[in-house]
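Here's the structure, in structure tokens; my notes come after.
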Amino acid sequence: MLQNRVDEVSLLRSSLHGDSEAWGEIVRRYKEAVFGIALGILRRHADAEDATHDAFIRAYDNLRRYRLEKKFSTWLFTIVVNICKNKLRYRRYHPVVSAGHQIEETAPDPAAAMERVELEERLRDALAELPAQYRAPLVLRYWNDLAYKEIAEILATPEGTIKTHIHRAKVALKRKLDQREVIENASR
């Protein structure tokens, strides 16, 4: 763990001196996590790709402001969350209708694949209905496996509030999924 941190710091230092291969390695290490956060918050694949791209550009442009003694992932995740918040704010005033995103599935059993796609779709729809203040901490906690303290830093919110938001989000998500199941069963 410490070796990875030392290696990361040396990559960041090299990046500061213009080493594009070092920055490429940083991007490779974090691109899936950053994309996952963006997708979880924005709920649109194309917007998440844009936010991921923007986050790495902003991080590189502001790399001189990053303090090497701090955890890089927290700093980077804060950047992507802020970009996502800005995109959500923009969306609120500039709504656009978009087609749904299909999940690609490679499971050998078509029935199991279809069931998984339906479950993911119900979960994504229920998650999309949550307020951003609940959705963002939930995504950071369960899709990115971050500690409450780190989520609190990223979202600039007290840790106790983060725990409350995650708890409320889980309760609301369960309620929404249960309601959908009752409605689906009643319509059959």
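Considering Cα pairs under 8 angstrom that are at least six residues apart, work out the relative contact order of the range 1-101 and quote it in whole percent. Each step should come with its number before you reach the end.
Working: 66 pairs, mean separation 24.6, N = 101.
Reported as a whole number, the value is 24 percent.
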Can you work out the Karplus-derived ³J(HN,Hα) for every residue in the range 66-80? Use 6.51 cos²θ - 1.76 cosθ + 1.60 with θ = phi - 60°, whole Hz, and x for glycine or proline.
6, 8, 4, 6, 8, 6, 4, 4, 4, 4, 5, 5, 5, 4, 5
Below 8 Å between Cα atoms, with a sequence gap of 6+, how large is the relative contact order for the range 109-188 in percent?
32
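For R92 and E49 in one chain, what is 0.36 nm times their gap in residues minus the Cα-Cα distance, to one decimal in nm?
Details: separation 43, 0.36 × 43 = 15.48 nm, distance 1.92 nm.
This chain segment gains 13.6 nm when fully extended.
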Potential extension, L16-R116 segment - 0.36 nm per residue separation minus Cα distance
31.6 nm
From the Cα gyration tensor of the range 20-179, with a ≥ b ≥ c the square roots of its eigenvalues, which class applies: rounded if a/c is under 1.5, or else prolate if a/b is larger than b/c, or else oblate?
prolate
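How much length is gained on full extension from A156 to Y66, taking 0.36 nm per residue of separation minus their Cα-Cα distance? Let's see the in-between values first.
Working: separation 90, 0.36 × 90 = 32.40 nm, distance 1.67 nm.
Full extension from A156 to Y66 adds 30.7 nm.
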Counted charge near L63, where neighbours are those whose Cβ lies closer than 12 Å (Asp, Glu -1; Lys, Arg +1)
+3
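According to the square roots a ≥ b ≥ c of the eigenvalues of the Cα gyration tensor, what is the shape class of the range 1-101, taking rounded for a/c under 1.5, prolate for a/b larger than b/c otherwise, and oblate for the remainder? Working shown, then result.
Numbers: a/c = 2.47, a/b = 2.24, b/c = 1.11.
It is prolate, given that a/c is not under 1.5 and a/b is the larger ratio.
If Lys and Arg each add +1 and Asp and Glu each add -1, what is the summed charge of the other residues whose beta carbon sits under 15 Å from the beta carbon of T157? Don't skip to the end; give the middle numbers.
On the way: positive: K85, R135, R141, K149, K163, R168; negative: E150, E153, E159.
Neighbourhood net charge equals +3.
Every read-out reported here was derived from the displayed coordinates using simple, explicitly stated rules and does not represent laboratory data. Computed from a predicted model, the values in this text were never measured in an experiment. Positions of Cβ are backbone-derived with ideal geometry, glycine not excepted, and every protein chain shown enters the neighbour counts.
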